[in-house]
1. For the modelled label position 7 Å from the Cα of A:Val109 along Cα-to-Cβ, which residues of region A:77-103 have backbone nitrogen atoms closer than 14 Å?
2. Which ³J(HN,Hα) values, rounded to whole Hz and listed in residue order, are derived for region B:74-86 from phi using the Karplus coefficients 6.51, -1.76 and 1.60 in 6.51 cos²θ - 1.76 cosθ + 1.60 with θ = phi - 60°, glycine and proline given as x?
3. If you take the beta carbon distance between B:Ala175 and B:Arg201 as r and set R0 to 45 Å, what does 1/(1 + (r/R0)^6) give as a FRET efficiency, to the nearest 0.05?
4. So how much slack lies between B:Ala284 and B:Val167, counting 0.36 nm per residue of separation and subtracting their Cα-Cα distance, in nm?
5. Against the longest principal axis of chain B, how steep is helix B:245-257, in degrees 0 to 90 to the nearest 10, with axes from Cα atoms?
6. Across bins of 10 angstrom width beginning at 0, how are the C-alpha pair distances of region B:30-298 distributed, in whole percent?
7. Pop a pseudo-label 7 angstrom from the Cα along the beta-carbon direction at both B:Ile86 and B:Ser131 and give the gap in nm to one decimal.
8. Taking only the alpha-carbon atoms of region B:149-299, what semi-axes of the equivalent ellipsoid follow from 5 times the gyration tensor eigenvalues under a square root, in whole Å, largest first?
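Just so you know, all these numbers are worked out from the coordinates, no wet-lab data involved. As the structure is a computational prediction, the values presented were derived from the model and not from experiment. Note that we place each Cβ from the backbone using ideal geometry, even for glycine, and neighbour counts take in every protein chain shown.
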Amino acid sequence: MAPVVRVEHLTKDYGAVLALDALTLDVGEGTTGLVGANGAGKSTLLKILLGLIPATGGRAEVLGHDVATEGAAVRAAVGYLPEHDCLPPDVSASDFVVHMAMMSGLPRVAARERAAEVLRHVGLAEERYRPMGGYSTGMKQKAKLAQALAHDPRLVLLDEPTNGLDPAAREEMLGLVRRIGHDFGIAVIVTSHLLGELERVSDNVVVLDGGRLLRASRTDEFLDATGALLVEVLGDEAHARMAAALTGAGVAVTDRGSVLSVGATAQGLDVRDLVRDTASDLGLGLVRLQTDHRRIEDVFADDAPGASADSVPAAPVASAAPVVPAAPAAPVADTDRRAGRHRRIEGVPGE
Amino acid sequence: MSDPTAATPEGRSVIHDLGYRPYTGTRMPPATIARALAVTGFRNAFGLGRSGRSKILPFVLLALNLLPAVVIGGIAAFVGLKELPIGYAEYASTTQVLLGIFVASQAPVLFSRDLRHGTISLYLARPLRSSAYAVARWTSLLAATLVFLVLPIVILYAVSLLIELDVSDQTREAAKALGLAVLLALSLTGIAGLIASWSTRRGFAVVATIALLVIANGVVTVIQGISTEPGGNTRVGEIAGLFSPYSLYRGLIGAWTGADTPTPPSSTGMELAYVAVLVGISVACLAALVARYRREATS
């Protein structure tokens, strides 16, 4: 199947800033998360994909249309949810979505039908007839999403859709994003700086840094099992005693604060049984025994220099088929700067 | 086998969730989209499709603007006048303050609102080009201004037919007034639209537009007044008339309809200059609007 978005050597030079640096990337169907710190080039990429700003070099195709020459065709088939406020306060969501559907070329009658349907899908009930100025942030985000879907696009670009939402509204929005990608059959590109969110909704993750592609692969490849078990036990000095006993049995153990990370690939013995029996022998309460999965932020940690000596064993992520070779080695000063950036991202949802 | 007409075993009907249904119907070309935008904008300029409060100002202004025409019609019908007490074209000059307030207050509805609330980014992410957006918005304001200017002419014309004045004379005068109304509407729309598109604050745009129109007209009126005093040079007044839309309009009324206005253009060349300036203002403002939104799209 042809990719939804194909970007080749895309460069955008604002003069003072190199926003995109020879970016090459394919985005397929399903939900794709776009991750990067502020200034990584996410917004610039979205604007070029919408055909709003010209690229300095390279080319980009969306749904088979060249964005430089067929911008209108691209915009007719793409829905866009911007990060900032974009709703007029004195118009009802119902009227607004009808109008926006017509602005995408739907006839009035069809626009009315679509608006009613889309507003139902996003979950705006009676309040759709009230002026949007009185909406909560959650309702506003739903109205913004409704206008992005009103014309039945084949691809939607969602720029930070969960920004400013409380946990319940965030859950609802993430559920909607997942439904758009899976049930509605519309390709989704969603940006977020909360990696935990993208981990849950996206099939693929693209990581941008300084206008370059850091990594692009399936989310589950990012989240491969690390080959370790997480064990949590309760009792007097439980972790210390448990660690000593397991080490004595020839299993690698690392204390990670609230849990023990236990190497599950020991020679020929079933580590799960061993953990169970050891806990039983020591009279400790075994409260957790689970496979350790990586999180997306671990990937950032791996890429940051000096972070490879982590407690997590080197997982096969590096070989998990990045679409494009990783960014070329940067000069030392630059590397330090980038490491700092990763640190900031990392700090968000991790344990 | 169960009865297919009974939706549930209990015989109650249910609403089925059909799930997401894709749209497979026709999609309109950009010209149709632009027309839809212009029509919506025209409605919005009168507060239609917006909150109830936003309908008050435009309709009060429109009613005030039409009141004199209706009163004249009533009096003319009762008394049986031999001619209309006010010329078709002079009417707009008399109610120019209402006209100015209307254009100044409704231009931000069309131009500032989208910029202030960020809605512009939704328009720009749709098939319409930024230039088409600007022209559609401008068309909405032009149409709304024309309604404001043309309705009194229509009422006066109907009155003149009712009191059985000479039809060909009246039709000729009304047609001239229509032409002048278009010229005035073009220039006012351009100026007010351009100011509104540079201001995200509605109040600022309203005040700036009214101030510009009133101050320019005031200064020109003073100069024209001085130039008609004994010993004054009416040529100065004629040239001063080039510097405000209202005085340009007044000058052309004086030249074309024989109405009594200070220092109307006295030569064909000067008349052409008046028309050229009115058209020039409109074209320049429209071009600036298009450039403004092109910049907005690529920033």
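1. Answer for this model: none.
2. Values per residue, Gly and Pro as x: x, 4, 4, 5, 6, 7, x, 5, 8, 8, 5, x, 9 Hz.
3. Working: r = 40 Å, r/R0 = 0.90.
Efficiency computed from Cβ-Cβ geometry: 0.65.
4. On the way: separation 117, 0.36 × 117 = 42.12 nm, distance 3.81 nm.
Length gained between B:Ala284 and B:Val167: 38.3 nm.
5. Around 60 degrees separate the two axes.
6. Histogramming region B:30-298 at 10 Å steps yields 7, 28, 31, 23, 9, 2, 0 percent.
7. Between B:Ile86 and B:Ser131, the label points sit 4.1 nm apart.
8. On the way: eigenvalues 180, 103, 40 Å².
In descending order the semi-axes read 30, 23, 14 Å.
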